[in-house]
Amino acid sequence: MDIDTYNKKRDFTKTKEPKGSKADSSQNGQRFVIQKHQATNLHFDFRLEVEGVLKSWSIPKGPSTDPNEKRMAIPTEDHPLAYAEFEGTIPEDQYGGGTVMIWDKGTYRDISDDNNSLATAYKNGVMEILLNGNKIQGGYSLVKMNSGSQKGNWLMIKKDDMHADGRKNPVSTQNKSVVSGRTLQGIEKEQ
Ligand code: MN
């Protein structure tokens, strides 16, 4: 699902979200962002910079720091790189209507032991990455399910490394924006 899908879903005369375009893939800084999104259902949107776009997943429970907790990650349309800076409110009658917080952001790198590009890894449905964010750090696997009732959805799984911690639960203990320090309610009020 590419950027055209992103643009078709949105009316840019009504929403303040950035209009979609694909950036020069040579500027591949490999950013990641996790946006907490209070829409119809509260969820976390996980986005990885891959070849000029943000590959995106909706994670209902958010990322875990516990290697024993597999988190469902539902793939969504590619978002423009500028979306990594978006924090604010989407009008209720628009796609994804509700409040968006930049919950965490940082950089990531590929830690798979093959020579595939990240774009190929995404296509193949297996990504091994190391996240360096403010709230979330360390290795994660992202694996697409190829069979069963959840076919097409992915799982996000913490690797068992020095950042693994089953007692930590940042998605419920840390509720403020990494860029503005605001809560979801604070962002909603200021719009
Ligand atoms: Mn969302």
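Do the alpha carbons of any pairs in Lys151/Lys176; Lys135/Lys158; Lys16/Lys168; Lys14/Lys151; Lys16/Lys189; Lys105/Lys158 sit beyond 24 Å of each other, and which pairs? With Cα atoms farther than 24 Å apart: Lys151/Lys176; Lys16/Lys168; Lys14/Lys151. Mean sequence separation of contacting Cα pairs (under 8 Å, at least six apart), scaled by the length of the stretch 30-152, corresponds to a relative contact order of 22 percent.
Taking a ≥ b ≥ c as the square roots of the eigenvalues of the Cα gyration tensor, an a/c ratio of 1.5 or more together with a/b no larger than b/c marks the chain as oblate.
Order the peptides 168-175, 3-10 from the highest to the lowest mean number of other Cβ atoms within 10 Å of their residues.
Listed from highest to lowest mean packing, they are 3-10, 168-175.
Applying a DSSP loop filter and a limit of 16 other Cβ atoms within 10 Å to the GluC sites (Glu not before Pro) in the stretch 52-95 leaves Glu69, Glu92. Roughly to the nearest percent, how much of the accessible area of the stretch 1-160 is carbon and sulfur, given a 1.4 Å probe? Ligands and nucleic acids excluded, carbon and sulfur reach 45 percent. Here the extension length gained between Thr107 and Met72 equals 10.4 nm, from 0.36 nm per residue of separation less the Cα-Cα distance. Averaged per residue, the chain has 50 square angstrom of accessible surface, using a 1.4 angstrom probe with ligands and nucleic acids left out. Within the same chain, lysines fewer than 8 places from Lys22 are excluded, and of the rest, those with a Cα less than 17 Å from its Cα are Lys8, Lys9, Lys55. Reducing the stretch 130-168 and the stretch 6-26 to their Cα centroids gives an inter-centroid distance of 27 Å.
Taking the average, over residues, of other Cβ atoms within 10 Å as the packing measure, peptides 180-187, 97-104 rank 97-104, 180-187 from highest down.
The values are calculated or read from the model by the stated rules, or taken from the named source; none is laboratory data. Nothing here was measured: the structure is a model prediction, and the numbers come from that model. Positions of Cβ are generated from backbone atoms using ideal geometry, with glycine treated the same way; all protein chains shown enter the neighbour counts. Surface accessibility is based on the protein's heavy atoms, side chains included, excluding ligands, DNA and RNA. Shrake-Rupley method; radii C 1.70, N 1.55, O 1.52, S 1.80 Å.
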